[in-house]
Amino acid sequence: MAPVRSLGCPAEFTFIYQNPKEAAEAVENNISVAAPVPTGAIPNLKTEFEYLGAYGVAASEKVGSVLLYSKVNFTELNHRHKIFLTTQSTTSVLLLYILLAERKDIPVITENPVEADAVLVIGDEALTFKDKNNYAYCFDLVTLWHEAYNLPFVFARWLVRKDADAVVKS
């Protein structure tokens, strides 16, 4: 979103800065006409949408804002460990599930971050989390994804409501 902030907003539009989950909810609830909707939320949308070109949010290198902080190495996480998951992003949680699923020995999810052996954080929280916590390891999930699959990870696709004005779709 940094280029949006530096380029400014076209006169006939208003930009709303939101976390991924809020962006999906805003489009679904007709608060926004178009948004970068997290890929993890797209299958659950009830409103009819179309892709806005080939635009999206993707990365194939370290992003620094989708991080798993852990007391143990990523390869050692198993059913004896507890993970606290962010509530701000379905896509980041699904990304972590995919990365863990191949080992068949998945950590337990906890709703209490204090008892967690690992914590998934995104966005601004991920950028400042290290300064406030004492975890031995920090894993960038995009880096892990790229190492495992040699593909970029697509976090979001720009969607526009099908009933939106033509000027929005152009």
Some residue of the stretch 82-89 being part of a loop (DSSP other than H, G, I, E, B), more than 30 Å from Lys46 (Cα to Cα) and open to solvent by 70 Å² or more (accessible area, probe 1.4 Å) = no
How many residues are free of Cβ contacts under 8 Å to residues at least 60 places away in the same chain and over 11 Å from the mean Cα position of the chain (by Cα) when one looks only at the stretch 51-97?
-> 13
If you check Leu100 against the conditions, is it on the phi < 0 side of the Ramachandran plot and in contact (Cβ under 8 Å) with a residue 24 or more places away in the chain?
-> no
Could you say whether any residue in the stretch 47-54 is farther than 27 Å from Glu147 by Cβ and among the hydroxyl-bearing types (Ser, Thr, Tyr)?
-> yes
Selection count where residues are within 19 Å of Tyr149 (Cβ to Cβ), among the polar types (S, T, N, Q) and open to solvent by 50 Å² or more (accessible area, probe 1.4 Å), scope the stretch 90-102 = 0
Hey, can you tell me all the residues within the stretch 151-164 that are touching a strand residue (DSSP E or B) at 6+ places or on another chain (Cβ under 9 Å), over 20 Å from Leu120 (Cα atoms) and open to solvent by 30 Å² or more (accessible area, probe 1.4 Å)?
-> Arg157, Trp158, Lys162
Working only within the stretch 140-159, note down all residues that are over 16 Å from Leu68 (Cα atoms), of a type outside the set (Phe, Trp, Tyr) and in contact (Cβ under 8 Å) with a residue 60 or more places away in the chain.
-> Leu151, Pro152, Val154, Ala156, Arg157, Leu159
Scanning the stretch 18-40 residue by residue, the ones that are of a type in the set (A, V, I, L, M, F, W, C) and in contact with a helix residue (DSSP H, G or I) (Cβ under 7 Å, 6 or more places away or on another chain) total 4
Say we look at the stretch 103-113 and pick out the residues that are open to solvent by 30 Å² or more (accessible area, probe 1.4 Å), within 9 Å of Asn78 (Cβ to Cβ) and of a type outside the set (Asp, Glu); which of these is farthest from the chain's Cα centre (by Cα)?
-> Arg103
Asp124 charged (D, E, K, R) and under 13 Å from the mean Cα position of the chain (by Cα) = yes
Can you tell me how many residues in the stretch 22-38 are surrounded by fewer than 21 Cβ atoms within 10 Å (Cβ to Cβ) and touching a Ser or Thr at 6+ places or on another chain (Cβ under 6 Å)?
-> 2
Which residue out of Ala148, Ala136, Ala126, Ala116 is in contact with a strand residue (DSSP E or B) (Cβ under 8 Å, 6 or more places away or on another chain) and surrounded by fewer than 20 Cβ atoms within 10 Å (Cβ to Cβ)?
-> Ala136
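The values are calculated or read from the model by the stated rules, or taken from the named source; none is laboratory data. Just so it is clear, the model here is predicted, and its values are computed rather than measured. Cβ atoms come from the backbone with ideal geometry, glycine included; neighbour counts cover every protein chain shown. Note: accessible area is taken over every heavy atom of the protein model, side chains too, but ligands, DNA and RNA are not part of it. Shrake-Rupley method; radii C 1.70, N 1.55, O 1.52, S 1.80 Å.
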